[in-house]
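Asks: One structure, pasted below without further comment.
Quick note: the coordinates plus some simple rules give every number you see, no bench work behind them. These numbers come from a predicted model, not from an experiment. Backbone-built Cβ (ideal geometry, glycine too); neighbour counts: all protein chains shown.
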Amino acid sequence: SQQGEEDPQALSIQEGENATMNCSYKTSINNLQWYRQNSGRGLVHLILIRSNEREKHSGRLRVTLDTSKKSSSLLITASRAADTASYFCATDAWGFKTIFGAGTRLFVKA
Amino acid sequence: GAVVSQHPSRVICKSGTSVKIECRSLDFQATTMFWYRQFPKKSLMLMATSNEGSKATYEQGVEKDKFLINHASLTLSTLTVTSAHPEDSSFYICSARAGRGPLNTEAFFGQGTRLTVV
């Protein structure tokens, strides 16, 4: 399969709570990225983390990368209803292709 | 950040006709472009890698005669869905990179094209 796995597949939380999504991948990577997609729309790039980095922050987002476990996590703190969307991790492997994980559908209840 | 423009954003066509989707990098030269397909509530599946001036590389299971890709210039790649059928209805997204080889830079995505074949 092209895709790595994301966990959970769907997540429903209350506004103000934190949301954590995990991603696992299969091959060695150059970098890993997280994207957001609102229903039926294009992708919004959230954050890129390089293979030699372990953690990165951007606003309410925190991304970790564990290359030994081939996994990454995205934490959204103090979630808002507007954060409702699908979130995908995507890996850039040697060979230059960007391969997407299965995605997590996040629903934040107001 | 860099801009990738995809056109059209939405198209409805009759079964048996062909549809062309354009992907343009507006402020950089895209040596490599990628085409993805996305089914409802599913992830993006890479269809093919398009290199300027050479033939596209298709992923396993993707029919190259069905999905024709042309990357004639450093700013434009096109995907033509030939003899479209209802099962080709999907969301198609392109992305573009500025250079060759692994880079610690992001790929820039178009806004996608929703194709409906009736």
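Asks: Relative contact order of chain B, please, whole-number percent, based on alpha carbon pairs below 8 angstrom and at least 6 residues apart. Each step should come with its number before you reach the end.
Replies: Details: 295 pairs, mean separation 44.0, N = 118.
This gives 37 percent for chain B.
Asks: Would you mind computing the Rg to Rh ratio of chain B from its alpha-carbon coordinates, Kirkwood style for Rh?
Replies: Working: Rg = 13.5 Å, Rh = 14.2 Å.
We get a ratio of 0.95 for chain B.
Asks: Hey, can you rank A:32-45, B:53-66 by average C-beta count inside 10 Å, highest first?
Replies: A:32-45, B:53-66
Asks: With 10 angstrom as the radius, rank A:Ser68, B:Ser50, B:Ser77, A:Ser12 by how many other C-beta atoms surround their C-beta, starting from the fewest. Before the final figure, lay out the partial values.
Replies: On the way: A:Ser68 5, B:Ser50 25, B:Ser77 31, A:Ser12 12.
Ranked by crowding around the Cβ, least crowded first: A:Ser68, A:Ser12, B:Ser50, B:Ser77.
Asks: Next question. For region A:65-110, what's the relative contact order in percent, using C-alpha pairs closer than 8 Å and at least 6 residues apart?
Replies: Working: 49 pairs, mean separation 17.1, N = 46.
That works out to 37 percent.
Asks: Still on this model: So what is Rg over Rh here for region A:22-110, counting just Cα atoms and using Kirkwood for Rh?
Replies: On the way: Rg = 12.8 Å, Rh = 13.3 Å.
Ratio of gyration radius to Kirkwood radius: 0.96.
Asks: Follow-up question, since we're still on this one. Quick check on the protein assembly as shown: what does the Kirkwood estimate of hydrodynamic radius come out to from the alpha carbon pairs, in Å? If you can, show how the numbers build up before the last one.
Replies: Working: mean 1/r = 0.0556 Å⁻¹.
Here the Kirkwood hydrodynamic radius works out to 18.0 Å.
Asks: To make sure I understand the rule: partners must be lysines, Cα under 19 Å from the Cα of A:Lys70, and not fewer than 8 residues away in the same chain. Which ones qualify?
Replies: Hits, sequence-local ones excluded: A:Lys26, A:Lys56, A:Lys97.
Asks: Give the span of region B:1-55's Cα atoms along each principal axis, as three whole-Å numbers ordered largest to smallest.
Replies: 34, 25, 25
Asks: So if we plug the beta-carbon distance of A:Arg60 and A:Gln9 into 1/(1 + (r/R0)^6) with R0 = 25 Å, what FRET efficiency do we get, rounded to 0.05?
Replies: Values: r = 22 Å, r/R0 = 0.89.
Efficiency for this residue pair is about 0.65.
Asks: Return, in residue-number order, each cysteine of chain B whose C-beta is not under 4.7 Å from any other cysteine's C-beta.
Replies: So far as the 4.7 Å Cβ criterion goes, B:Cys13 stand without a partner in chain B.
Asks: Quick one: in region A:1-74, what % of C-alpha pairs are over 13 Å apart?
Replies: On the way: 1892 of 2701 pairs.
The answer is 70 percent, as a whole percent.
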